[in-house]
Amino acid sequence: CLNIGLLWILALTLILLRREQGRLEWSRVVDGLWLRSPRSPKTGKIGGTVWLWAIPFVLLTAAINALPINPEGPLPRDLPVLLQTDQDRLETFFSGSWGWFALLVLLSFLAPVVEELFFRGLLLPRMRKVFGRIDWVVNGAIFGLYHVHQPWGMPGSVLDGVLAQAFPTKRYQSTWMGLIKHT
């Protein structure tokens, strides 16, 4: 169900972008979803060493995830812990189940990419007209609310969405900053 939802969000992103841009040529998609190299807000330099600014935001995400604000939900979702504690159950479930394994791998890559394209690529550049200078804060908050399916993780999702995804994406005008961090 999560994969179907993610595919729908991807389709919605492309539909809305096509309505706005007229056609889905690659150059229009790149501009419309901010899929360009990051630009330094101070010097205007594009790419190169500006990419290194992704590292502090990855570290910030690690720090946010280490905070005690995300209690474990009804089921443990920490894969390394699952591998150590419930290996027999996991092995039984995945034994010969290549379809389930494929869905797990697809979800692992699809979720961060689609979420970033929608929230930071499509919504964030267009939110300034409505929310002004706090558009990145509102974007991160909406991102946190989007995770209502795991309410125990919403505080961390809001904090991470605002500080480590929406802020760098907005500051460097590049969805790649949030995408690198999120992936």
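This model, with +1 at the C-beta of Lys and Arg and -1 at the C-beta of Asp and Glu, gives the chain a dipole about its Cα centre of some 1200 debye. Accessible area per residue for the chain, computed on protein heavy atoms with a 1.4 Å probe, is 61 Å². Gyration tensor over the Cα atoms of the range 76-175: the corresponding equivalent ellipsoid has semi-axes (square roots of 5 times the eigenvalues, largest first) of 34, 15, 10 Å.
The radius of gyration of the Cα set in the chain, together with its Dmax, comes out at 17.9, 55 angstrom. The modelled label-to-label distance between residue 67 and residue 43, using points 7 Å beyond Cα along the C-beta direction, is 3.1 nm. Only helices enter this figure: runs of n ≥ 4 DSSP H residues, each worth -39500 (n - 2.57), summed and divided by the residues of the chain, yield -18500 deg cm²/dmol at 222 nm to the nearest 500. Phi-derived couplings, Karplus 6.51 cos²θ - 1.76 cosθ + 1.60 at θ = phi - 60°, listed residue by residue for the range 170-178: 5, 4, 9, 6, 8, 5, 4, 5, x Hz, with x used for Gly and Pro.
Across the chain, the longest run free of exposed loop sites, meaning trypsin sites (Lys or Arg not before Pro) lying outside DSSP classes H, G, I, E and B with no more than 16 other Cβ atoms within 10 Å, spans 78-183. Based on the Cβ-Cβ distance of residue 24 and residue 113, what FRET efficiency does E = 1/(1 + (r/R0)^6) give at R0 = 25 Å, to the nearest 0.05? That pair, residue 24 with residue 113, gives E of 0.90. Couplings for the range 51-64, taken from phi via the Karplus curve 6.51 cos²θ - 1.76 cosθ + 1.60 with θ = phi - 60°, read 4, 5, 5, 5, 4, x, 6, 5, 5, 4, 4, 4, 5, 4 Hz in order; Gly and Pro are left as x.
Taking a straight line from the alpha carbon of residue 181, these lysines sit under 16 Å away, with near neighbours fewer than eight places off in the same chain left out: 170.
Relative contact order, whole percent, for the chain stands at 33, derived from Cα pairs under 8 Å and 6 or more residues apart. Counted by Cβ distance under 11 Å from residue 178, the other residues give a net charge of +1, where Lys and Arg count +1 and Asp and Glu count -1.
Could you let me know the centre-to-centre spacing of the range 141-176 and the range 1-62, using Cα atoms, in angstrom? Each part reduced to its Cα centre gives a spacing of 14 Å. Rounded to the nearest whole Hz, the Karplus-based 3J(HN,Hα) values (6.51 cos²θ - 1.76 cosθ + 1.60, θ = phi - 60°) of the range 135-142 follow the sequence 4, 5, 5, 4, 4, x, 5, 5, with x at glycine and proline.
The values are calculated or read from the model by the stated rules, or taken from the named source; none is laboratory data. Keep in mind that what you see is a predicted model, and the values were worked out from it rather than measured. Note: ideal-geometry Cβ built from the backbone for every residue, glycine included; neighbour counts use all protein chains shown. The protein model used for the area step is the full one, side chains on, heavy atoms only, and it has no ligands, DNA or RNA in it. Shrake-Rupley method; radii C 1.70, N 1.55, O 1.52, S 1.80 Å.
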